[in-house]
Amino acid sequence: FRLIDWMIRLPAHLEADFRQALYAYEEQQRMPYVTTVEQAGIDKGVELGVKQGEALILLTQLQEKFGPDSVDAYRERITAAEPEQLLQWSKRILSADTPETIFH
């Protein structure tokens, strides 16, 4: 399918109809075709979305507990952190008296 898709370009109105028919067929057969490269992209996108969500939650918690100045001070560090670190900081915020105790 990938080879054919690469070799043959349909006019826009036909391509939309073809995709609709393909999605219906895949759903009916319960066998969507996803290449390993596509699946890797999907997985990476999901991972990135989860990380961004975790960072957003921590930034929101930080703002609620310590105010907007703390968010400005730590935003870059939070958005660059790995998921494991974000989880650790999210646990620390529950008992932290100052933002510094979360990150040190």
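The values are calculated or read from the model by the stated rules, or taken from the named source; none is laboratory data. Just so we're clear, the structure is a prediction, and the values are computed from it rather than from any experiment. With ideal geometry, Cβ positions are generated from the backbone for all residues, glycine too; neighbour counts draw on all protein chains shown. Remember, those area values only see protein heavy atoms, side chains included, never the ligands or the DNA or RNA. Shrake-Rupley method; radii C 1.70, N 1.55, O 1.52, S 1.80 Å.
Could you pull out the residue among 55, 40 that is open to solvent by 30 Å² or more (accessible area, probe 1.4 Å) and aliphatic (A, V, I, L, M)?
Among 55, 40, only 40 is open to solvent by 30 Å² or more (accessible area, probe 1.4 Å) and aliphatic (A, V, I, L, M).
Show the residue pairs that are 6+ apart or on different chains and have beta-carbon atoms under 9 Å apart, the first residue being within segment 36-61 and on the phi < 0 side of the Ramachandran plot, the second being surrounded by 10 or more Cβ atoms within 10 Å (Cβ to Cβ) and among the polar types (S, T, N, Q).
51/79; 52/79; 54/90; 55/79; 57/90; 58/90; 59/79; 61/90
Output the residues belonging to segment 71-100 that are open to solvent by less than 70 Å² (accessible area, probe 1.4 Å), more than 21 Å from residue 50 (Cα to Cα) and part of a helix (DSSP H, G or I).
Scanning segment 71-100 gives a single hit, 99.
For segment 9-37, what are the residues that are modelled with pLDDT under 80 and surrounded by fewer than 10 Cβ atoms within 10 Å (Cβ to Cβ)?
Within segment 9-37, 28, 29, 30, 31 meet the criteria.
Hey, can you tell me all the residues within segment 58-70 that are surrounded by 13 or more Cβ atoms within 10 Å (Cβ to Cβ) and not aromatic (Phe, Trp, Tyr)?
Once the filter is applied, which keeps residues that are surrounded by 13 or more Cβ atoms within 10 Å (Cβ to Cβ) and not aromatic (Phe, Trp, Tyr), segment 58-70 yields 58, 59, 61, 62, 63, 65, 70.
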